[in-house]
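For reference, the structure discussed in these notes is given below.
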Amino acid sequence: MEKDKTLWRVAMLIPPLAVFGILVVWPLFSSFYYSITNWNGFSADYRYVGFDNFLQIFHDPLFTRAAVNTVIWMLAAVIVPTGLGLVLALLIDSQVPGASVFKSIFYLPICLSAIVVGQIWVWIYQPDWGLLNTAISLVTGGNSHFAWLAKPGTALYAVIAAWSWQQTGLAMVIFLAGLTAIPADLIEVCHIEGASSGQRIRQVVLPLLRPATVVVVALGLINSLKGFDILYIMTGGGPFNSSDTLAMHMYNESFKKYHMGYGSAISVVLFLIALAIIFAYFRQLRKVDEIYE
Amino acid sequence: MNDRFASAAMPSFNPWQAAIFVCLTVLALLFLAPTIGVLLSSLKTTEDIALGKLWSFPTSLYLDNFRTVLADPAIHTYFLNTLLIAVPATAGSIVLGILSGYVFAKLPFRGSDVLFLAIVAGMFFPPQVILIPLFRLFNGLGLLDTLWPMIFVHIAMGIPICTLMMRNFFATVPAALREAAIIEGASEWQVLTKVALPLSLPALAVLSTLQFTWIWNDFLWPLIFTQSDDKRTIMLGLVFLQGQYSVAWGIQGALSLIASLPTLIVFLFFQRYFIKGMTMGAVKG
Amino acid sequence: MFKTTRRALMVSVLGSGLMAALPVQQVFAGGEVTISHYFTGDLGLDGLKQIFAEFNKETGITVKDSPIGHEDFKTGILVRAAGGNLPDVFSYWAGAKTQFIINSKSLHPIDDMWKAANLDAIVAKPVADGATLYNGHRYLIPFGYHYAGIFYNKKILQKAGITEMPKTWDEFKAMCDKLKAAGVTPIALGSKNRWPAQFWFDYLLLRTAGPDYRAKLMAGTASYTDPEVAQAMELWKQLLEAGDFTKTPNAYDWTDAADQVQRGDAAMTLMGTWITGYWNTNKFTDADYDFFEFPTVKDGVPRAAVGPVDGLVIAANAKNMEGAEKLLAFMISKPDVQAKWASIQGALSANEKVDPKTYTPVMQHALDVVKHAPAFAFNYDLATPPAVSEVGLSMFSQFLDNPGDVKSMLDQTQTAAAAAFKQ
């Protein structure tokens, strides 16, 4: 029995691990190797510099800002689409007419590529004729010309808004799939016992949505790095590095300044941070599993 | 869609319902605005957009952008290439994710948690980190300028998310079900395909939709791994509308709408299966 | 289990379909040159396709073309260099960027081809040595170059009663005042992508401290904390504080700035000659715009011209070296090829023999200015090493956002630049 299990484990794990190992893990570690060199990306000769690149991180003010922005970005990329997606899913699941139309509308943004989403939000934030300033002018009766993407105080958040717009539909769909999995008779029992809808949602629906929440949060975390594309297109980390994230900083150092070694050091740090976040998340995941096992 | 939240004695008009409907409509309009922007841009000349007339409604229906896009034979090639990458890569990553997800959920072993964590952590990278080693690898294999590198890379990059998702859904399949099947003489493979998978249809539907969409919309890998025009994907076509000093916005808008259709169709097709996941609820309750 | 077989069948069908669609990479025996470049967009691509077809007719060599958009090109070419698979020929920006990859031993010197094709007699003088000669060897052929001038909307200037173009800094400031009095913002600037701001720094520094000092600053032997730099920034700051620039330049692309001038919201913009290509396609023509040279700021300082040079280079490990050299010679020596390309790009041809009459009147004017300029300097991001220009460009956009404390900005820039030079 136990021997059988081991055999199946090996047979089932080898294909995914082999593919993942060759195409992700190995390239990852071989790029980590550059972090202890002074390679510039072009030159054939480079030398070993020990931990110099890592020490440099402490003298790099841009790194600190990028690290803070990364935390903000990750938190927002998880909280906003998750919260909004849950609200939308609950509203749509409440037997509202046209539910499938609503569902498609909220999902639509995911179908668009980062290139298009980035561009369209640049047009929304445009200071003179952009949709946002036009709307603000209409509501306040004033004449709003705010440059949302060009001001260090708002650039990062403006991109986060665009990102949330695109990702919310995904969270909504997963929550909807989770909601359909809640047995109807359970809800029925609540009705009979006379629970209000608020109570029903809080005490019955939300706990049962935990597996869906796990997926949504995981996706949010994983996707927050895919957000590189949209940030790259909308601000490129600007103005003057104010919306840099670690991924963007890594990119700038490696591909724009040709500091491949230092860029690799940044990605090692990014990897360690990611590992810590996943570890924390993983413990949470285990708690959820205990409900089922 | 279903009446699970409706009470048995519900009157024909429900003020709550009306409020929700209004609320959703307002949100839907807010959500649609940017997409309408894409649509408007596709109906305008580059000159109009340059002069800031993007958000105004077009006075006449200007369809040349769509005509240009649809008549371009290169675009047809791009579409076919993208399909030839997205379909096998989606299928491949899901199959591999099913295998590893099943082991992590139902056949855990000492250290399996750490392994699982390592796989998921592998996703937390800007893909730029592994560009150069992968380029060297495919260069060595002589696969540059074919569609293979994109297929392989997308399968590999999809493994973490597919593993995570499948593990999560398989975990909700009661252990008792598996044990009963094993006692009746079923192999692990049969438990996986006959018991666990049918209960995980919503996960498969979600994964197919997501993976297809991401792969379809990716442009980094084909940018690096392809060189000839006849190997390029639709997103590269979109990127290449950006000239050195100017961008054909109108055509880009039209192309991006057309390029988004397959992902939308995939979503509309699979969303039916999300509902089929009800069976899963039946078991769990 | 039946299901599994059906699925397996589907997979294999799909697989064989893929095989059919993916023929094994064909290898041409010596008759092919690979090239990668950033001249995308309809016009550029079509133009090159014709040029490559002509080359094929003449030499029998096929050109395998692989264009990548401007920004993505930077990543793409670096990955290919790092992966040891550079195309035989690729486009690159002459100046510090080319110097950088030459120092990394990635390029093949073309001295012999240069002599054989007698390029000394062909390549336009203003860009010949500065753009092509590195460490005493020829490495690059210029494929077209641009000049940065102050482009203006004729009608708007007329309306404001301006008939004489300013020759000195005082005249220039008077002109700005006149425009403001007429209700027009004098200068449009779209520095969202940072680089459009550099021309202001370049010209102000060149016109006050002179080309020799600037060369030192670009090479790292002068400091951003020097009074010369502070003075140039101070002049720039005065213009900003006088309200001569459009508001929040960082929010706009250079094309937005071009549009502002076209619409008449602003009167002029300091930009490269490629703006003519952009305006012409937007139906704003020669009749509507012209340019004047950046005015003299300090008497006695030579009036250098600023601009970038697009070049073609050969990879050190090119597979078809002979074909690559032939292609480069072809691209530069044919006056008709060069003339056609220049008009597509809104560029000046790097070939002396191109008949100036093939240019538009505005471009003829630009050619005239460049020919008579005592020096041709590369713009900032091509004049100083890539890692340093990243620092400087960010400083410019910080300055444009808030020009308040120039001194501390320059101090920080010097610290970061010194570190970048050291690496």
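Here are the numbers:
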{"item": "Answer from A:Y281, A:Y258, A:Y232 - the residue that is closer than 30 Å to C:N193 by Cα and in a helix (DSSP H, G or I)", "result": "A:Y232"}
{"item": "Qualifying residue in region B:218-226 (condition: part of a loop (DSSP other than H, G, I, E, B) and either of a type in the set (K, R) or more than 10 Å from every other protein chain (Cβ to nearest Cβ) (or both))", "result": "no"}
{"item": "Residues of region C:255-280 that turn out to be in a helix (DSSP H, G or I) and either within 19 Å of the chain's Cα centre (by Cα) or without any contact (Cβ under 8 Å) to a residue 24 or more places away in the chain (or both), as a count", "result": "13"}
{"item": "Any hit, region A:49-70, residues being among the small types (G, A, S), out of contact with any helix residue (DSSP H, G or I) (no Cβ under 7 Å at 6 or more places or on another chain), more than 30 Å from A:L209 (Cα to Cα) and without any contact (Cβ under 8 Å) to a residue 40 or more places away in the chain", "result": "no"}
{"item": "Any hit, region C:291-304, residues being more than 14 Å from chain A (Cβ to nearest Cβ), in a helix (DSSP H, G or I), β-branched (V, I, T) and touching a residue at least 40 places away in the same chain (Cβ under 8 Å)", "result": "no"}
{"item": "Pick from region B:13-67, criterion more than 7 Å from every other protein chain (Cβ to nearest Cβ), of a type in the set (D, E, K, R) and part of a helix (DSSP H, G or I), ranking: nearest to the chain's Cα centre (by Cα)", "result": "B:R67"}
{"item": "Residues that are surrounded by fewer than 19 Cβ atoms within 10 Å (Cβ to Cβ) and not in a loop (DSSP other than H, G, I, E, B), drawn from region A:130-157", "result": "A:T134, A:A135, A:I136, A:S137, A:L138, A:V139, A:T140, A:Y157"}
{"item": "Qualifying residue in region B:105-117 (condition: on the phi < 0 side of the Ramachandran plot, assigned to a helix (DSSP H, G or I), β-branched (V, I, T) and in contact with a Pro (Cβ under 6 Å, 6 or more places away or on another chain))", "result": "no"}
{"item": "Residues within region B:114-136 that are within 7 Å of chain A (Cβ to nearest Cβ) and of a type outside the set (A, V, I, L, M), tallied", "result": "6"}
{"item": "Flag if A:A66 is more than 8 Å from chain B (Cβ to nearest Cβ) and surrounded by 15 or more Cβ atoms within 10 Å (Cβ to Cβ)", "result": "yes"}
{"item": "Boolean, C:S91 is modelled with pLDDT of 90 or more, within 22 Å of C:P308 (Cα to Cα) and under 16 Å from the mean Cα position of the chain (by Cα)", "result": "yes"}
{"item": "Residue within region C:319-339 that is outside the structural domain of C:P211 (by TED's automatic domain parsing), farther than 30 Å from C:A124 by Cβ, of a type outside the set (F, W, Y) and modelled with pLDDT under 95 present", "result": "yes"}
{"item": "Complete set of residues in region B:95-114 that are among the β-branched types (V, I, T) and surrounded by fewer than 24 Cβ atoms within 10 Å (Cβ to Cβ)", "result": "B:V95, B:V114"}
{"item": "Options B:L204, B:L117, B:L147: the member that is surrounded by 21 or more Cβ atoms within 10 Å (Cβ to Cβ) and touching a helix residue (DSSP H, G or I) at 6+ places or on another chain (Cβ under 6 Å)", "result": "B:L147"}
{"item": "Exclusive hit being out of contact with any Pro (no Cβ under 7 Å at 6 or more places or on another chain), under 23 Å from A:L13 (Cα atoms) and more than 7 Å from every other protein chain (Cβ to nearest Cβ), set B:I94, B:I75, B:I85, B:I151", "result": "B:I94"}
{"item": "Test: residue in region B:173-181 that is in a helix (DSSP H, G or I), aliphatic (A, V, I, L, M), within 10 Å of chain C (Cβ to nearest Cβ) and in contact with an Asp or Glu (Cβ under 7 Å, 6 or more places away or on another chain)", "result": "no"}
{"item": "Any hit, region C:159-177, residues being touching a residue at least 24 places away in the same chain (Cβ under 8 Å) and in contact with an Asp or Glu (Cβ under 6 Å, 6 or more places away or on another chain)", "result": "yes"}
{"item": "Count - residues of region A:112-129 that are within 14 Å of chain C (Cβ to nearest Cβ), touching a residue at least 12 places away in the same chain (Cβ under 8 Å) and part of a loop (DSSP other than H, G, I, E, B)", "result": "2"}
{"item": "Filter result for A:V101 (buried (at least 16 other Cβ atoms within 10 Å of the Cβ), assigned to a helix (DSSP H, G or I), assigned by TED's automatic domain parsing to the domain that holds A:F240 and not hydroxyl-bearing (S, T, Y))", "result": "no"}
{"item": "Number of the exception - A:D45 against (1) without any contact (Cβ under 8 Å) to a residue 12 or more places away in the chain; (2) part of a helix (DSSP H, G or I)", "result": "(2)"}
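The values are calculated or read from the model by the stated rules, or taken from the named source; none is laboratory data. All figures in this text were calculated on a predicted structure; none of them were measured in a lab. Positions of Cβ are generated from backbone atoms using ideal geometry, with glycine treated the same way; all protein chains shown enter the neighbour counts.
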